[in-house]
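The values are calculated or read from the model by the stated rules, or taken from the named source; none is laboratory data. The structure presented is a predicted model; accordingly, all values stated were derived computationally and were not measured. In this analysis, Cβ positions are derived from the backbone assuming ideal geometry, glycine residues included, and neighbour counts consider all displayed protein chains.
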Amino acid sequence: MARTRLYRDGRLEAEDFPLDDISEHLKEQGTVVWLDLTDPDRKDYERVQEEFGLHRLAIEDASSPHERPKLSHYAAHVFFNAYAVGFDRSAGDLDLHKVSVFATERALITVHAADFDMDAVLERWDATADLAGHGVAYLAHGLLDVVVDGQFDAVRQLDEALEALEEHLFEETPQAIRRVQRRSFRLRKSLGRLRKVVLPMRELVNGLMRAREHLVDDEMLPYYHDLYDHVLRVAEFTESLRDFTATILESNLAVQGNRQNSIMKKVTSWAAIIAVPTAVTGYYGQNLPFPGYEKQWGFLISAVLIVLLSVGLYVTFKRKDWL
């Protein structure tokens, strides 16, 4: 599935025209072409490679599902990978959607799977149509702006999920303890995946601004600086969440340790209380004569000792908050 757009002198002139017409359009002055490929196969890559002179290494990077975000320079074009991000708050999982971009002087080719929302990019382009005269730099900026905004939304939602988890740290039911542990480790895993796609965006955007191909002109440069500032905000937000996650895990371990100490104090206290009747009855159970042996008042004294000592220990432990 392929989508196309033709801009002429900063105005959108045509959409969804055949791929065979791209060469003819590029021969005309003042034209910029966008080509979008969804789940392309090898024949699609070969056709685009022949049409635009794309480097085979860039084709390999675009077709590989596990490439990191990066920017590469080739003789005929610039290539970069980026990842749109979605966060499933109920499950705590992160959804990554890769988009690969080939940028020539007058053409932008985007490659992605069907799960990437290209319609949001089109809406961003249409909302900033006054910048269309800047050609490829305008198209690349709109795409990256949507990607970075999505990353910021994912970081913000992850932050809210961590704050919600923090409120359940002091719940003492076994179900709540297990839920907090599972949730905290799942969010930590999602944060680790997010860092891998967010942090390289700084080099990517900075590289586009300083590219030797001069894709970004002076008038578009402030927009890329603003985009770079957003990238830095997302990266700093992500790093702060890393510390926040570590704090939650440490707090969870500390709470569990305190809870275990409290349980041990209670168990020890009850064991001490139970030891009193065991000791008294064990003493009076000896087969030796002693004061009160085989006498009713001896039994009463032993019973009173058990009650007084047990109650005394209970009151003492209760005042010390051991029970």
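Quick one: would you say V216 is under 30 Å from H141 (Cα atoms), modelled with pLDDT of 85 or more and not in a helix (DSSP H, G or I)? Spell out how you get there, then give the answer.
On the way: under 30 Å from H141 (Cα atoms): yes; modelled with pLDDT of 85 or more: yes; not in a helix (DSSP H, G or I): yes.
Criteria met by V216.
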Here the qualifying pairs (Cβ atoms under 7 Å; residues six or more apart or on different chains; first in segment 159-183 and part of a loop (DSSP other than H, G, I, E, B); second modelled with pLDDT of 70 or more and surrounded by fewer than 16 Cβ atoms within 10 Å (Cβ to Cβ)) come out as E172/R259
What is the one condition in (1) of a type outside the set (S, T, Y); (2) modelled with pLDDT of 90 or more; (3) closer than 30 Å to R195 by Cα that R8 does not satisfy?
(3)
Residue list for segment 279-290, restricted to those being surrounded by fewer than 13 Cβ atoms within 10 Å (Cβ to Cβ) and either at pLDDT 75 or above or touching a Gly at 6+ places or on another chain (Cβ under 9 Å) (or both)
F290
Checking the structure you have, find out if any residue of segment 73-82 is surrounded by fewer than 16 Cβ atoms within 10 Å (Cβ to Cβ), assigned to a strand (DSSP E or B) and modelled with pLDDT of 90 or more.
yes
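Restricting the search to segment 18-42, which residues are surrounded by fewer than 16 Cβ atoms within 10 Å (Cβ to Cβ) and at pLDDT below 90?
P18, L19, D20, D21, S23, E24, K27, E28, Q29, G30, D41, R42 - these are the residues of segment 18-42 that are surrounded by fewer than 16 Cβ atoms within 10 Å (Cβ to Cβ) and at pLDDT below 90.
Name every residue in segment 115-132 that is touching an Asp or Glu at 6+ places or on another chain (Cβ under 7 Å) and either modelled with pLDDT under 90 or not aliphatic (A, V, I, L, M) (or both), in order of residue number. Before you say what the answer is, go through the steps one by one.
Quick first cut of segment 115-132, residues touching an Asp or Glu at 6+ places or on another chain (Cβ under 7 Å) only: 118, 124.
Listed by number, the list holds a single entry, R124.
Tell me, which residue of segment 1-21 that is more than 15 Å from V111 (Cβ to Cβ) and of a type in the set (A, V, I, L, M) is farthest from the chain's Cα centre (by Cα)?
Within segment 1-21, the subset more than 15 Å from V111 (Cβ to Cβ) is 5-18, 20-21.
Within this subset, residues satisfying the condition of being of a type in the set (A, V, I, L, M) are 6, 12, 14.
Details: L6: 36, L12: 37, A14: 38 Å.
The extreme case among them is A14.
Residues that are in the same structural domain as F185 (by TED's automatic domain parsing), of a type outside the set (D, E, K, R) and part of a strand (DSSP E or B): does segment 111-118 have at least one?
Step one: list which residues in segment 111-118 are in the same structural domain as F185 (by TED's automatic domain parsing), which gives 111-118.
Subset that is of a type outside the set (D, E, K, R): 111-114, 116, 118.
Of the ones still in play, those that are also part of a strand (DSSP E or B) are 111-112.
Yes, because at least one residue in segment 111-118 is in the same structural domain as F185 (by TED's automatic domain parsing), of a type outside the set (D, E, K, R) and part of a strand (DSSP E or B).
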With the requirement that a residue be under 30 Å from K27 (Cα atoms) and assigned to a strand (DSSP E or B), what does segment 83-110 give you?
V99, S100, V101, F102, A103, A107, L108, I109, T110
Among the listed residues T268, T173, T247, identify the single one that is farther than 24 Å from H97 by Cα, exposed (fewer than 14 other Cβ atoms within 10 Å of the Cβ) and modelled with pLDDT of 75 or more.
T268
